[in-house]
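Worksheet: the structure to be examined is printed underneath.
The values are calculated or read from the model by the stated rules, or taken from the named source; none is laboratory data. Predicted model only: the values in this text are computed from it and were never measured. Cβ atoms come from the backbone with ideal geometry, glycine included; neighbour counts cover every protein chain shown. The protein model used for the area step is the full one, side chains on, heavy atoms only, and it has no ligands, DNA or RNA in it. Shrake-Rupley method; radii C 1.70, N 1.55, O 1.52, S 1.80 Å.
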Amino acid sequence: MAHLRALLFNLLFYLATAFFAIVGLPTLLFGANAVYALCRLWVGTTLWLLKLLVGLDHRVVGRERLPGEPVIFAVKHQSSWETLALAKILDRPIYVLKRELIWIPLFGLYLLGSGALAVDRGAGAKALRQLIRAAERAAASGRPFLIFPEGTRVAPGQHRPYQPGIAALYDKLDRPVVPVALNSGVFWGRRSFLKKPGRITVEFLDPIPAGLDRRRFMKELETRLEGASRRLLEAPANPPA
């Protein structure tokens, strides 16, 4: 039965994605706000299908910790789930993502239309310089930035070195960084067809204030984010709402 539910979810998810991608093309003419309005409808539909067919819901904790100023969200990346859901949970975040995603037909157009910043991970220091120039221009909008410090999805309980992009943004934008822990990979694995029922937890941790030196900042970010992520892996599948 679980495999049948997963099959039905995947089928409807791709059909809904194709529908919104085609019907929503005119939004690309009207800027990021219009693109995000469409995106929230698509993500809302996806989350509804997940809850209805799979029994997978989510909760958000720690919103009271968010400062009343623009921030950089540094998010643990375990699944495709947070890539989708955070577009609805947060207010029009500017995603920092790998350049390859821009090449996906139609989807890449929407990423560009939303204001996402694409990084060529093979270009080294040149890519960082380009990222910073683009981020400094985008920062004038007052929108938050969202970056996955490890640069790719990592299975629950595992850890990869944090990439220099988060440190570069922190140094140049002079904004607090809010670590975001989650346990989505327990329910929606990196390459898993099967989605499991339960409740994903997304937790906003205490902000790291602007102005720390790079080494101290990176140590603080990794300590907080990895510690909270390990804790969430031990949480029950259906924590209290």
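Brief remarks follow.
- Considering only M1, Y95, G113, and ranking their Cα positions along the charge dipole of the chain that arises from unit charges at the beta-carbon of Lys, Arg, Asp and Glu, the one farthest toward the positive end is M1.
- L212 - accessible surface, heavy atoms, 1.4 Å probe, Å² rounded to 10: 40 Å²
- Options T83, V71, I208, ranked by Cα towards positive dipole end of the stretch 58-234, top entry (Cβ charges): T83
- Carbon and sulfur %, accessible surface of the stretch 58-234 computed with the full protein complex present, 1.4 Å: 51 percent
- Note on L4 and W103: the model spin-label points, each 7 Å out from Cα along the C-beta direction, lie 4.0 nm apart.
- Förster radius 25 Å - calculated FRET efficiency between L66 and A34 (Cβ-Cβ, nearest 0.05): 0.50
- When Rg and the Kirkwood radius Rh are both evaluated on Cα atoms of the stretch 40-156, their ratio Rg/Rh stands at 0.97.
- Listed residues W81, W48, W188, most fluctuating in the chain (Gaussian network, C-alpha, under 10 Å): W48
- Distance between the stretch 157-229 and the stretch 6-55 - C-alpha centres, whole angstrom: 25 Å
- Stretchable slack from A210 to L11, in nm (0.36 nm times residue separation minus alpha-carbon distance): 67.2 nm
- For the stretch 33-80, the spread of Cα positions along each principal axis, largest first, Å: 37, 27, 20
- Scaling the Cα radius of gyration of the stretch 1-94 by the globular reference 2.2 N^0.38 Å produces a ratio of 1.22.
- Largest to smallest in accessible area, the residues K126, K195, K88 fall in the order K126, K88, K195 (1.4 Å probe, all protein chains included).
- Magnitude of the charge dipole for the stretch 58-234, about its Cα centre and with charges confined to Cβ atoms of Lys, Arg (+1) and Asp, Glu (-1), is about 420 debye.
- Whether the stretch 145-241 is rounded, prolate or oblate, judged on the alpha carbon gyration tensor where a/c under 1.5 counts as rounded: prolate
- Evaluated at q = 0.10, 0.13, 0.16 Å⁻¹, the base-10 log of the normalised Debye intensity for the stretch 58-234, with identical point scatterers placed on the Cα atoms, takes the values -0.36, -0.62, -0.98.
- Accessible area per residue (1.4 Å probe, heavy atoms of protein chains only) ranks E220, E69, E64, E226 as E64, E69, E220, E226, with the largest value leading.
- Members of K76/K98; K98/K219; K126/K219 lying beyond 20 Å, as alpha-carbon distances in this model show: K98/K219; K126/K219
- Computed over neighbours whose Cβ is under 12 Å from that of D206, the net charge equals -1, Lys and Arg +1, Asp and Glu -1.
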